[in-house]
Amino acid sequence: MRPRTPPLLACGVALLLVTAGCLGAPGGRSDGPTGTASSVGPDGSETGVADTELPGDPVDWPDGPKERPDRPETLNESSVGSFARAYEYRYVYNSLWYDETSDVSAECESDAVERRGDAWRAVVTCTAYSNTGGESTADGTATSTVLHADWFTQTYVYWIDEESVHRERGEE
């Protein structure tokens, strides 16, 4: 009787070849994704240009009433801190907003800003919640809240350079 190792080995090699593209290429950076994806341009719109090698991911903007804040014309410690705080506040607000009856409350703080090479790193912490529903009655009182959502205290790190804004979960 012949051993079954060769077919098993062939299957393993075939699986490795099929998944080789998912494993990455040698020589890439290990601190974040690279390649072509959408970036946020200076005017806050999606540029579709190749991302720089920033850690984190380009930000997918959630639906809601808040627009992305305008990028500062000059990147410095003060402007980057204010921009990252406003960006996270509006991101959180839109993430908790459901419809016109949503009452969103959010508080965000810029914890740290520093220059790292060609990019800026800003750490922002937010705590928020929303209540949705509770239609007003004729006498001005409201009915009970239909939906409550909490955005427990969360910290995110923003990586900002001249072409893009990336966001990643911060250390707890």
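The values are calculated or read from the model by the stated rules, or taken from the named source; none is laboratory data. Because the structure is a prediction, the values reported are computed rather than measured. Glycine also receives a Cβ, built like all others from the backbone with ideal geometry; neighbour counts cover every protein chain displayed. Each accessible area value is taken on the protein alone, full model and side chains, heavy atoms only, with ligands, DNA and RNA left out. Shrake-Rupley method; radii C 1.70, N 1.55, O 1.52, S 1.80 Å.
From largest accessible area down, sort Cys108, Cys126; use a 1.4 Å probe on the protein chains.
From most exposed to least exposed: Cys108, Cys126.
Could you compute how much accessible surface Arg167 exposes when probed at 1.4 Å, giving the result in Å² to the nearest 10?
For Arg167, solvent-accessible area is about 30 Å².
Between Leu147 and Thr101, what is the label-to-label distance in nm when each label sits 7 Å out along the Cα-to-Cβ direction?
Reported label-point gap for Leu147 and Thr101 is 1.0 nm.
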